[in-house]
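First the structure, in the form of structure tokens, and then the observations on it.
The values are calculated or read from the model by the stated rules, or taken from the named source; none is laboratory data. Everything quoted here is computed from the prediction, not taken from an experiment. In this analysis, Cβ positions are derived from the backbone assuming ideal geometry, glycine residues included, and neighbour counts consider all displayed protein chains. Protein only, heavy atoms only, side chains kept; ligands, DNA and RNA dropped before computing areas. Shrake-Rupley method; radii C 1.70, N 1.55, O 1.52, S 1.80 Å.
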Amino acid sequence: MTEQWPAISYDRWAATCDTLHAHTQVLGKLAASLAPPEPQLQHAALRLTARGWETAPLPAPDGSGALVVALDLRSHLAVVEHSDGRAAQIALSPDRAVGAVTRELLEAVGGLGGAVTIDPTPQEVPWSVALDQDDQHARYDPGEVGAYFAAATRAALILAAFRAPYRGRCTPVNAWWGSFDLAVNLFSGQPADPPAEDFIMRNAMDAQEVAVGWWPGDPRYDSAAFYAYAHPAPAGFAAATLTPAAARWEGELGEYILDWDDVRRSPNPHAAGLEFARSAFQHACIACDWDPALSASAQGRPPPVV
């Protein structure tokens, strides 16, 4: 079972992880520049598909149709596709620097759909070198990327199964290029005060929500893990006992955590991940006084298809 659910942690692939993370930021900034704005910055989110990280179809800057920009993690290419059938490919390996890939990618977008300008400053990362000038991040190991993609795919399927029956407003499984995680956000329908006044917090966290997600580890927390949090979280939110038994509150992160290794080593990893998501959501709904009907709708019984 563990062979189908590969081990992944930041310390094992940090250099490749940072390079891949930087590449996703270019896609995210294209989405943020070209897509029609949505609440909670949903227009800027990417998707994890069967080939890798992708944008939704984006309006071509010259009005000629739609563009999709992707990181193909099977063929290890950055891909730009136009709705008229034209396409361009940029190699990610062997060990090509982020700056070189970024410049080629933006040139390809311009050639297929018209020039676009992005802010090349990376976000939510410990480095500050502009994406189109970044020669620091060049490590790209296809084997490490493949292991990440296999693990991320399994995690995304768990998150998709968790959100499927929910009757309230919720997001798809988003791939977030700032925090380099996968997440679903379930909303109660009530507004909330943002936790800070910076642009991202002011716009992304202005509604009551529960977020459940997965990330492959980072410098703060080495292990890949599922996580869950509520916004706003009431006093005592951290005191719950969740299931499976390995789930716990991680005070430094301010989130409930279930380590990926505990999931992948369980007899039924998919069921273990789904159990954590549902357990965290039920606790959050009770602690945050959500409508009981919304809480009940997420318990794994999809609405009837008629």
Quiz prompt | Matching residues in the range 186-197 - criterion: being within 21 Å of residue 278 (Cβ to Cβ) and surrounded by fewer than 16 Cβ atoms within 10 Å (Cβ to Cβ) | solution = 189
Self-check item: Residue count for the range 55-70, restricted to those that are of a type in the set (S, T, N, Q), under 27 Å from residue 194 (Cα atoms) and open to solvent by 40 Å² or more (accessible area, probe 1.4 Å)
Solution: 0
Quiz item: Which residues, taken from the range 94-112, are assigned to a loop (DSSP other than H, G, I, E, B) and crowded, with 16+ Cβ neighbours inside 10 Å?
Solution: 96, 97
Exercise. Residue by residue through the range 3-54, note down the ones that are touching a residue at least 24 places away in the same chain (Cβ under 8 Å), under 23 Å from residue 201 (Cβ atoms), assigned to a loop (DSSP other than H, G, I, E, B) and open to solvent by 10 Å² or more (accessible area, probe 1.4 Å).
Key: 35
Self-check item: Those residues of the range 77-92 which are crowded, with 18+ Cβ neighbours inside 10 Å and assigned to a loop (DSSP other than H, G, I, E, B), in sequence order
Solution: 92
Quiz prompt | Residues (open to solvent by 40 Å² or more (accessible area, probe 1.4 Å) and either in a loop (DSSP other than H, G, I, E, B) or out of contact with any Lys or Arg (no Cβ under 8 Å at 6 or more places or on another chain) (or both)) located in the range 125-140 | solution = 126, 128, 133, 135, 136, 139
Self-check item: strands (runs of 3 or more DSSP E) wholly inside the range 198-306 that include at least 3 residues being closer than 28 Å to residue 7 by Cα and open to solvent by less than 20 Å² (accessible area, probe 1.4 Å)
Solution: 207-215, 225-231, 255-259
Practice problem: Say whether the condition of being over 17 Å from residue 46 (Cα atoms), among the small types (Gly, Ala, Ser), part of a loop (DSSP other than H, G, I, E, B) and out of contact with any Gly (no Cβ under 8 Å at 6 or more places or on another chain) is met by at least one residue in the range 113-124. | Solution: yes
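Residue-by-condition table, conditions (1) modelled with pLDDT under 95; (2) among the aliphatic types (A, V, I, L, M); (3) in contact with a Phe, Trp or Tyr (Cβ under 8 Å, 6 or more places away or on another chain):
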| position | (1), (2), (3) |
| --- | --- |
| 261 | no, no, no |
| 265 | no, no, no |
| 268 | no, no, no |
| 274 | no, yes, yes |
| 277 | no, yes, yes |
| 282 | no, no, no |
| 285 | no, no, no |
| 292 | yes, no, no |
| 297 | yes, no, yes |
